[in-house]
1. If you go through segment 262-283 one residue at a time, do you hit one that is within 14 Å of Gln304 (Cβ to Cβ), open to solvent by 20 Å² or more (accessible area, probe 1.4 Å) and in a loop (DSSP other than H, G, I, E, B)?
2. Which residue, of Lys25, Lys62, Lys2, is at pLDDT below 95 and at negative phi?
3. So which of Ser299, Ser326 ends up being touching a His at 6+ places or on another chain (Cβ under 6 Å) and not in a helix (DSSP H, G or I)?
4. Look through segment 235-284, keep the residues that are within 15 Å of the ligand (Cβ to nearest atom) and among the aliphatic types (A, V, I, L, M), and return whichever of them is nearest to Glu42 (Cα to Cα).
5. Report yes if Asp173 is open to solvent by 60 Å² or more (accessible area, probe 1.4 Å) and within 30 Å of Ala71 (Cα to Cα), otherwise no.
6. Just give me the residues in segment 47-71 being of a type in the set (D, E, K, R) and surrounded by fewer than 19 Cβ atoms within 10 Å (Cβ to Cβ), in sequence order.
7. Just need a number here: residues in segment 143-183 that are within 16 Å of the ligand (Cβ to nearest atom) and either over 19 Å from the mean Cα position of the chain (by Cα) or outside any loop (DSSP other than H, G, I, E, B) (or both).
8. Out of segment 97-140, which residues are within 17 Å of the chain's Cα centre (by Cα), of a type in the set (Gly, Ala, Ser) and more than 22 Å from Gly178 (Cα to Cα)?
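The values are calculated or read from the model by the stated rules, or taken from the named source; none is laboratory data. If you're wondering where the values come from, they're calculated on a predicted model, not measured in any experiment. Don't worry about glycine lacking a Cβ; one is built from the backbone with ideal geometry, like all the others, and counts go over all protein chains shown. To get the accessible areas, we keep the full protein, side chains included, count just its heavy atoms, and leave off ligands, DNA and RNA. Shrake-Rupley method; radii C 1.70, N 1.55, O 1.52, S 1.80 Å.
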Amino acid sequence: MKNSKIVGVGHYLPERIVTNQDLEKMMDTSDEWIRERTGIRERHWITEGDTIASMSHQAALKALERAGMEAGDIEFIVFATMMSDQIFPGGGCFLQQKLGLPGVPAMDVRNACSGFLYALATADKFIKTGTYKNALVVGAEIQSTSLDLTTRGRDIAVLFADGAGAAVLTATDDPTDGILTTHIHADGNYTDKLRVEQPVVYHNPRLHPGIFEGDAIYPKMEGRYVFKHAVTKFPEVINEALEATGYTTDDIDLLIPHQANLRITEAVGQRVGLPPEKVFSNIQTTGNTTAASIPIAMSEAIEQGRLKKGDLLCLAAFGAGFTWASALVRF
Ligand code: UT7
């Protein structure tokens with residue numbers, strides 16, 4: 001059995017920066033509330049020309065460059081996003097076309113905030129079994145166009161943002177190197193706690209005036225409920241990865257959790273017993289970019305010298321579904 005190793009990570013954030021003060025002009029909210037409750041100061045939203053495909057393309061090119069590889073080396077693409085640029089085909093196919101890789105399989109994963117780790121686990125298994133040597137794992141998301149930018153939608157509108165991140169994986173024969181373990185979970189009993197209700201695909205036609213009555217076309221979250229589950233499931237799935245490998249919290253050099261809320265990240269760090277310097281946060285400047293948040297954070301952690309070769313890296317996520325996941329990586 002092979003292991004798969006992350007050899008290059010890149011990200012792309014749209015140029016447009018939306019500050020909390022900008023949001024104050026759109027809805028009844030305040031910089032103080034947003035910072036205190038979420039940690040977020042600003043986030044990136046797309047402008048004309050940014051698409052899921054274009055952002056993921058930029059992130060993938062950066063990841064390939066850092067891996068010292070070319071697009072032609074990639075044999076498998078796993079693409080995590082909640083929505084492709086169009087309802088179909090999937091985002092992976094649009095990226096594959098941009099990379100010029102006809103014939104290379106492109107798989108889409110729709111597991112919201114846990115999507116990147118579901119995608120990573122999938123690519124890892126294909127490499128472990130010897131099917132492919134090099135894979136590209138992507139998380140890309142446009143959330144800003146889905147938001148209710150009135151006071152009615154403020155609890156969610158201040159959180160979500162846009163961006164893309166990508167990681168290049170390659171096979172290694174060293175069983176102590178690369179991705180050591182991955183764990184993925186879901187519980188569909190909680191689908192109603194964080195979701196977009198409309199349009200539904202079983203109504204004919206899917207788009208009809210009725211869907212615009214009320215606020216069913218916007219994302220909805222029972223914030224406190226989701227928060228409580230997040231701070232329980234994150235530590236649970238991190239400990240699962242530690243138990244599977246025989247490592248302890250003390251061995252972890254850096255924890256990069258999905259960036260949902262700074263208070264969640266801090267609570268998770270405390271619950272697993274990690275000092276703040278071993279827990280990475282960039283939500284202050286990125287907001288919650290759902291499937292893109294972990295690869296963007298990895299890429300920024302590398303740029304800041306916080307994540308180095310040889311580090312024991314723990315990745316963890318929790319989100320809609322509910323879904324939750326972790327990975328332990330010798331970086
Ligand atoms: O990534 C996927 C997983 N997502 C998460 O894990 C997110 C989990 N949840 C959260 O991060 C938090 O629950 C939120 C940030 C969404 C909300 O923070 P909270 O501390 O749980 O606030 P709350 O929902 O309990 O609301 C407290 C108050 C309410 O007012 P009243 O009823 O106390 O008068 C809200 O109406 O804050 C009000 N509020 C706001 N005020 C100003 C809600 N959103 C805003 C806002 N600006 N943007």
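1. Yes: segment 262-283 contains one or more residues that are within 14 Å of Gln304 (Cβ to Cβ), open to solvent by 20 Å² or more (accessible area, probe 1.4 Å) and in a loop (DSSP other than H, G, I, E, B).
2. Lys2
3. Going through Ser299, Ser326 in turn, just one is touching a His at 6+ places or on another chain (Cβ under 6 Å) and not in a helix (DSSP H, G or I): Ser326.
4. Ranking the qualifying residues of segment 235-284, first place goes to Ile283.
5. Here the answer is yes, as Asp173 does meet what is asked.
6. Within segment 47-71, Glu48, Glu65, Arg66, Glu70 qualify.
7. 15
8. Ala112, Ala140
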